[in-house]
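The values are calculated or read from the model by the stated rules, or taken from the named source; none is laboratory data. Being a predicted model, the structure only gives us computed values, none of them experimental. Note: ideal-geometry Cβ built from the backbone for every residue, glycine included; neighbour counts use all protein chains shown. Heavy atoms of the whole protein, side chains included, go into the accessibility calculation; ligands, DNA and RNA do not. Shrake-Rupley method; radii C 1.70, N 1.55, O 1.52, S 1.80 Å.
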Amino acid sequence: MNARKTLRQAEPVRYSRLLAVAAERGTETVTNDDVAGPIDSSDEWIRQRTGIVTRRRATADVDVLDLAEAASRKALDAAGLVGADIDAVILSTITYFHQTPSAAAVLADRLGATPAAAYDISAACAGYAYGIGQADALVRSGAARNVLVIGAEKLSDIIDPTDRSISFLLGDGAGAAVVGPSDAPGIGPTVWGSDGSKSQAIRQTHSLQELAADGTLGMPTLRQDGQTVFKWASFQMAPIAAKAMAEAGVEPDDIQVFVPHQANMRIIDQMVKQLKLPESVVVARDIADSGNTSAASIPLATERLLSEGSARPGDLALQIGFGAGLVYAAQVVVLP
Ligand SMILES: CC(C)(COP(=O)(O)OP(=O)(O)OC[C@H]1O[C@@H](n2cnc3c(N)ncnc32)[C@H](O)[C@@H]1OP(=O)(O)O)[C@@H](O)C(=O)NCCC(=O)NCCS
């Protein structure tokens, strides 16, 4: 009988970092006037209440996987990698309409990343920050060397143009990041969580089973209790972001860039105030012309700050995602 062997576990890697962040926006610019009619709203009301001036939406021939693929290819290029260098693909989306197989597996194959591990996560607007937290853990545990994280949404597929609660906020886009091993710390601890007791605050109108039973219902669309979400995001998310800084061992004065989920400009302003971020901190305000793109909003906003030069590689950025679930995740990262 063989002597029992000692099990070998994966060798951990000390640090991880973002190697690249890239973005793909919908090509159509949709103004407030374009969406105001069916909800009896106005350009002025939408600007004042949300800070949105225009939102970007994709054309009918582009689906969420196309957006994800375009952003991923740019991220791989920027990282100097090809699909075959990726060990895991984590895709966050709520607008891929197959329960199975996953969008991530199809995307991995399109990118030439097969046989990378691939899976989708359902964490709505927190999905990108959830994905970065998972990628960091996979890289540092030795489970994967390079991980591709994508937040991709074609939210125009699930809007009801007559809905006053959320549809007018939404845009289409995809953001992708490559996470890999690093010589120095590049991703702080992820502070994440959920509160399912508020699962109805942002919800679908009906399930697919209900649609199957009653074909007149049409595709499910989104609804929200705006005030509930507004209060929760404005007042309960700042302490989560503060905790992410504390766990990363940094203070507001050490942060150069703040990239909150682009839900609403007034929520962004309220968080900046509560976090007492110094005026020198560059605050992402991509929502003004991209709209709320859910899981894509943080990487879209990050890529924009970097490409416009208002943020620089090496800057410390505090990012926080929050949304339907309710779920949230925050971490401090070194920008690539
Ligand atoms: C959706 C949101 C903009 C609505 O703004 P609000 O100030 O809360 O609006 P309220 O529901 O209190 O309604 C205020 C007034 O505006 C009106 N109103 C509501 N929605 C409107 C719309 N889309 N257009 C025009 N008027 C609207 C209401 O009828 C009400 O009118 P009244 O004062 O005459 O009764 C706001 O709640 C919000 O941004 N919430 C957070 C949303 C978010 O970020 N969600 C994404 C999370 S990931």
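General remarks:
- Looking at region 254-336, the helices (runs of 4 or more DSSP H) lying wholly inside it that each contain 3 or more residues that are open to solvent by 10 Å² or more (accessible area, probe 1.4 Å) sit at 265-275, 297-308.
- Among the candidates 108, 143, 116, 126, the residue that is in contact with a helix residue (DSSP H, G or I) (Cβ under 9 Å, 6 or more places away or on another chain), touching a residue at least 24 places away in the same chain (Cβ under 8 Å), within 16 Å of the ligand (Cβ to nearest atom) and assigned by TED's automatic domain parsing to the domain that holds residue 22 is uniquely 126.
- Residues (among the charged types (D, E, K, R) and within 15 Å of the ligand (Cβ to nearest atom)) located in region 173-200: 195, 198
- Checked against the criterion of being within 16 Å of the ligand (Cβ to nearest atom), among the acidic types (Asp, Glu) and surrounded by fewer than 23 Cβ atoms within 10 Å (Cβ to Cβ), the candidates 85, 33 yield just one match: 33.
- Within the set 127, 151, 133, the sole residue that is at pLDDT 95 or above, among the small types (Gly, Ala, Ser) and farther than 25 Å from residue 57 by Cα turns out to be 133.
- Elements of type strands (runs of 3 or more DSSP E) contained in region 127-238, each with 1 or more residues being closer than 14 Å to residue 321 by Cβ and open to solvent by 10 Å² or more (accessible area, probe 1.4 Å): 191-194, 202-204
- Taking (1) part of a loop (DSSP other than H, G, I, E, B); (2) of a type in the set (Val, Ile, Thr); (3) within 19 Å of residue 265 (Cα to Cα) in turn, residue 94 satisfies each apart from (3).
- Scope region 279-336; condition among the polar types (S, T, N, Q) and over 18 Å from residue 169 (Cβ atoms); matching residues: 280, 302, 307, 310, 319, 331
- Any hit, region 21-39, residues being of a type in the set (Ser, Thr, Tyr), on the phi < 0 side of the Ramachandran plot, in the same structural domain as residue 145 (by TED's automatic domain parsing) and touching a Phe, Trp or Tyr at 6+ places or on another chain (Cβ under 9 Å): no
- Residues in region 40-58 that are in contact with an Asp or Glu (Cβ under 7 Å, 6 or more places away or on another chain) and either within 11 Å of the ligand (Cβ to nearest atom) or of a type in the set (Asp, Glu) (or both): 43 alone.
- In the set (1) in a loop (DSSP other than H, G, I, E, B); (2) surrounded by fewer than 24 Cβ atoms within 10 Å (Cβ to Cβ), residue 113 fails one condition alone, (2).
- Count - residues of region 260-299 that are among the hydrophobic types (A, V, I, L, M, F, W, C) and free of Cβ contacts under 8 Å to residues at least 60 places away in the same chain: 9
- All told, residue 259 falls short of being under 25 Å from residue 204 (Cα atoms) and within 14 Å of the chain's Cα centre (by Cα).
- Residue count for region 95-144 satisfying the condition of being of a type in the set (Asp, Glu) and more than 15 Å from the chain's Cα centre (by Cα): 2.
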